[in-house]
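**Q** Once you've had a glance at the structure underneath, I'll fire off some questions.
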Amino acid sequence: MFLSVVADKTVAFAFLAALLAALALTPIARAVARRLKVVDVPDGARKCHDRPVPLWGGIAVYLAIAVGVLVARYGPVDSAAFDQFSTTVILACGLVCLVGCIDDSHDLPARFKLMLQVGSVMPVVLAGYYFDRVVAFGYPIDLGWLGIPLTILWLVGCINALNLLDGLDGLASVVGISASLMMAIIATNSGHPHVGIVALLAAGSLAGFLVYNLPPASIFLGDSGSMVIGLLVGMISIQGALKTSATLSIAVPAVVMSIPMLDTVFAIVRRKLSGQRFDTADRGHIHHRLLERGLTKWQALCIIGALCLTTGAAATAATIFRFEWVGWITAIALIVLLVRTRSFGHHEVALAKQHCSAVLARWSATIAESTTRWTRAHPQATWQRAWHELLHDEIMSQAAGFELLLATRAEQARYSWRNPMAIAPTHAQLPLALTFTQPNGTMCQLQLLGLRPASETHDVLPRVTALLNALVQTWQPTDEALMPPAGVECHRIVVDSWRRAA
């Protein structure tokens with residue numbers, strides 16, 4: 001299916017037109033940006049270039065895609081679907097490109113920029129390009145109206161993922177080309193040739209721009225370009241992976257965008273747990289980590305490009321062979337490899353572990369404090385529970401009965417219990433007596449009647465001691481606590497229970 005689409009003369013001419021348009025328009029965009037002083041000035045810390053480089057490369061990429069769309073409209077496969085989808089692409093990408101151009105020249109506040117990004121993707125949803133059902137690991141999940149905000153969230157996430165990743169010469173372009181080509185294959189083989197054609201046009205325009213964007217780059221995409229690529233990849237990844245008109249196979253977009261999304265997630269984790277603002281720039285992105293390990297720009301570019309190409313190929317194979325675990329396993333394996341080799345993500349994982357440990361410690365302290373307060377407020381309830389655990393222990397079922405003495409310096413209560421199911425004790429069954437005193441002065445004495453020979457009781461002593469310890473800690477010298485717990489067939493020897501003066 002993919003080869004038949006590529007072999008179509010109109011599609012081939014459209015791809016070539018997008019490529020040549022990018023080659024011709026990029027120098028013009030570079031000259032205009034330089035003349036208007038819309039340049040990226042190196043800061044000596046985060047930015048990897050060593051001289052001012054013009055921005056607004058995204059304008060050339062966007063116009064090149066528009067040229068390719070105009071050529072392709074003269075007879076592509078399924079022209080009605082292509083016309084509608086390409087019109088939505090041109091409108092939404094035009095809006096986000098405009099937002100990026102303003103941000104490149106005036107540095108918009110992060111929240112205002114995010115609001116404009118959400119507004120830019122609204123034409124996509126209004127045109128009906130959203131999903132209301134997803135298929136994950138073979139199980140369909142109906143989302144209903146929640147599909148609309150999730151679609152917006154996905155598109156805005158893709159926009160910012162490519163925006164954050166665009167910190168190295170040619171990186172966003174290479175990632176965009178890789179994702180577009182893989183999605184072109186996936187979309188055409190999934191029965192969405194109109195999406196595949198748009199993906200091919202995006203790859204062609206980015207290939208023409210990449211000639212000027214390879215290290216050392218003479219022009220950058222800027223936000224106007226990285227956000228356009230992000231939106232494009234986000235749109236073609238969900239539309240090309242649809243099983244029906246609104247049912248999305250979640251594995252395809254997730255695996256294709258796994259590396260850019262991983263970089264975004266780790267950036268959020270790193271900044272949040274380090275106490276920094278979300279929009280704070282740093283040198284923690286994947287390309288920064290690779291450069292810090294001594295790699296050149298070309299080497300870092302090739303490694304990240306290979307990673308994205310691998311995840312894209314895995315998603316393609318998962319679609320063709322209808323086995324999505326191939327994609328998930330590949331993406332997870334690459335992420336684990338990056339973290340284990342300390343190439344990327346090790347610092348963020350360590351921060352997350354430290355944060356989780358602190359949270360668990362706080363929760364444990366809170367639970368312990370709540371339990372202590374509840375025990376003090378409900379002494380009878382905890383006393384009942386301790387009784388229940390003692391009487392239902394295995395050692396009690398083996399005894400003919402017991403006598404228990406609980407006493408403080410002021411009060412004393414003695415309880416006697418007989419087990420009606422136990423065999424009458426014989427001379428071979430010896431009693432077991434335990435006595436210990438708590439630091440608060442409470443004394444506990446337990447005598448088990450008719451237990452096994454003493455030589456066989458050493459293994460149960462620790463458990464019985466622990467049960468008695470729990471019982472004596474919950475016993476308080478009140479009128480309620482002096483009475484046997486409810487539901488316990490226990491005979492209290494009244495003569496041995498009295499209230500004494502301290």
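**Q** Out of (1) more than 18 Å from CYS93 (Cα to Cα); (2) open to solvent by 10 Å² or more (accessible area, probe 1.4 Å); (3) out of contact with any strand residue (DSSP E or B) (no Cβ under 8 Å at 6 or more places or on another chain), what's the single condition that is false for HIS194?
**A** The number of the failed condition is (1).
**Q** Return only the number of the condition from (1) under 27 Å from VAL255 (Cβ atoms); (2) at pLDDT 90 or above that GLY147 does not satisfy.
**A** (2) is the only condition that GLY147 fails.
**Q** Sticking with this structure for a sec: Could you tell me whether any residue of the range 274-283 is among the aliphatic types (A, V, I, L, M) and not in a loop (DSSP other than H, G, I, E, B)?
**A** The answer is no; no qualifying residue exists.
**Q** Conditions first: (1) open to solvent by 10 Å² or more (accessible area, probe 1.4 Å); (2) at pLDDT below 90; (3) closer than 19 Å to ILE320 by Cβ. THR188 passes all but one, so which condition is the exception?
**A** (1)
**Q** How do the pairs read when you match residues in the range 318-331 that are free of Cβ contacts under 8 Å to residues at least 40 places away in the same chain with residues anywhere that are surrounded by fewer than 22 Cβ atoms within 10 Å (Cβ to Cβ), using Cβ under 6 Å and keeping only pairs 6 or more apart or on different chains?
**A** The qualifying pairs are VAL326/ALA317.
**Q** Here are the criteria: (1) surrounded by 13 or more Cβ atoms within 10 Å (Cβ to Cβ); (2) at pLDDT below 90; (3) more than 19 Å from ARG293 (Cα to Cα). Tell me which single one TRP328 does not satisfy.
**A** Of the numbered conditions (1) surrounded by 13 or more Cβ atoms within 10 Å (Cβ to Cβ); (2) at pLDDT below 90; (3) more than 19 Å from ARG293 (Cα to Cα), the odd one out for TRP328 is (2).
**Q** Oh, and also: Quick one: which helices (runs of 4 or more DSSP H) lie wholly within the range 41-132 and hold at least 1 residues that are touching an Asp or Glu at 6+ places or on another chain (Cβ under 7 Å) and modelled with pLDDT of 90 or more?
**A** The helices (runs of 4 or more DSSP H) meeting that bar are 79-106, 110-126.
**Q** Residue check: is GLY294 at pLDDT 85 or above, at positive phi and surrounded by fewer than 16 Cβ atoms within 10 Å (Cβ to Cβ)?
**A** yes
**Q** Related question: Can you tell me which of ILE185, ILE152 is touching a Phe, Trp or Tyr at 6+ places or on another chain (Cβ under 6 Å) and either without any contact (Cβ under 8 Å) to a residue 24 or more places away in the chain or part of a helix (DSSP H, G or I) (or both)?
**A** Within the list ILE185, ILE152, the selection yields ILE185.
**Q** So which residues in the range 270-291 are within 20 Å of ILE332 (Cα to Cα) and open to solvent by 40 Å² or more (accessible area, probe 1.4 Å)?
**A** ARG289
**Q** Shifting gears a bit: Of all residues in the range 236-257, which are buried (at least 24 other Cβ atoms within 10 Å of the Cβ), over 22 Å from CYS93 (Cα atoms) and not aliphatic (A, V, I, L, M)?
**A** SER249
**Q** Pick from the range 297-325 the residues that are buried (at least 22 other Cβ atoms within 10 Å of the Cβ) and small (Gly, Ala, Ser): which of them is farthest from THR341 (Cα to Cα)?
**A** For the range 297-325, the residue satisfying everything is ALA318.
**Q** Name the single residue that is nearest to the chain's Cα centre (by Cα) among those in the range 130-177 being open to solvent by less than 10 Å² (accessible area, probe 1.4 Å) and of a type in the set (S, T, N, Q).
**A** Step by step, filter the range 130-177, then rank; the result is THR151.
**Q** Quick check on my filter: what residues within the range 95-119 are open to solvent by less than 20 Å² (accessible area, probe 1.4 Å) and either more than 29 Å from GLY196 (Cα to Cα) or of a type in the set (Gly, Ala, Ser) (or both)?
**A** Within the range 95-119, GLY100, ASP103 qualify.
**Q** Return the only residue of LEU248, LEU231, LEU201 being in a strand (DSSP E or B), in contact with a helix residue (DSSP H, G or I) (Cβ under 9 Å, 6 or more places away or on another chain) and farther than 17 Å from GLY305 by Cα.
**A** Going through LEU248, LEU231, LEU201 in turn, just one is in a strand (DSSP E or B), in contact with a helix residue (DSSP H, G or I) (Cβ under 9 Å, 6 or more places away or on another chain) and farther than 17 Å from GLY305 by Cα: LEU248.
**Q** Moving on. Inside the range 333-375, can you point out the residues that are open to solvent by 60 Å² or more (accessible area, probe 1.4 Å), charged (D, E, K, R) and at pLDDT 85 or above?
**A** Hits for the range 333-375 are ARG340, ARG342, LYS353.
**Q** Do any residues in the range 1-23 that are more than 15 Å from ALA187 (Cβ to Cβ) and at pLDDT below 85 have Cβ atoms under 8 Å from those of residues that are part of a helix (DSSP H, G or I) and of a type outside the set (S, T, N, Q), where the two are at least six apart or on different chains, and which pairs are they?
**A** Listed by first residue and then by second, the contacts come to THR10/VAL71; THR10/ALA72.
The values are calculated or read from the model by the stated rules, or taken from the named source; none is laboratory data. The structure presented is a predicted model; accordingly, all values stated were derived computationally and were not measured. Neighbour counts are summed over all protein chains in view; Cβ atoms, including those assigned to glycine, are modelled from backbone coordinates with ideal geometry. Side chains included, ligands, DNA and RNA excluded: accessible areas come from the protein's heavy atoms. Shrake-Rupley method; radii C 1.70, N 1.55, O 1.52, S 1.80 Å.
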